[in-house]
Amino acid sequence: MENPHNIDRMTTLSQVMERLRERGIHREFRMNEDHEMKYEDSEKNYKPDELTILKTYRFEGDSNPDDSAVLYLIEDNTANKGILIDSYGADSNYSGQEFDTFLRDIPINESDEYNFD
């Protein structure tokens, strides 16, 4: 699902989100209760092969494992970029296997353009 050599661990979730916002990336991809992946303010239902993961950022809480999260920078097949945020571990934002299966099926093309070391 992710390449551990390209995971940015040097900043906080809010710092990465701000850096992406500065680049015009602020909309989110979300899976709804019907297990459809949507882009914010869009009605399009995406299939995994219509998306690409450009960057994976992992955040681990210093003192509380419940503060762990992953932010995925995703691009669709029409060059719309957005983020998808998920808590990981027992407190995932998405229940069931549908989200994990969908995410695992998205192609990965990690880009150094989004390294924020």
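List the pairs whose first member sits in the range 102-117 and is closer than 10 Å to K55 by Cβ and in a loop (DSSP other than H, G, I, E, B), whose second member is polar (S, T, N, Q) and modelled with pLDDT of 95 or more, and whose Cβ atoms are under 7 Å apart, counting only residues at least 6 apart or on separate chains?
N109/T52
Of the numbered conditions (1) at pLDDT 95 or above; (2) assigned to a helix (DSSP H, G or I), L73 fails exactly one; give the number of that condition.
With respect to (1) at pLDDT 95 or above; (2) assigned to a helix (DSSP H, G or I), L73 is out only on (2).
Please go through the range 93-112 and give me each residue that is more than 13 Å from the chain's Cα centre (by Cα) and modelled with pLDDT under 90, ordered by number.
Answer for the range 93-112, where residues must be more than 13 Å from the chain's Cα centre (by Cα) and modelled with pLDDT under 90: S95, G96, Q97, E98, S111, D112.
Select from the range 37-57 the residues that are in a loop (DSSP other than H, G, I, E, B) and of a type in the set (S, T, N, Q) and write down the one among them that is farthest from N77 (Cα to Cα).
Filtering the range 37-57 down to residues in a loop (DSSP other than H, G, I, E, B) leaves 40-45, 47.
Among the residues that remain, those that are also of a type in the set (S, T, N, Q) are: 42, 45.
Values: S42: 14, N45: 12 Å.
The selected residue is S42.
The values are calculated or read from the model by the stated rules, or taken from the named source; none is laboratory data. These figures come from a predicted structure and were not determined experimentally. Every residue, glycine among them, receives a Cβ derived from its backbone with ideal geometry; neighbour counts consider all protein chains shown.
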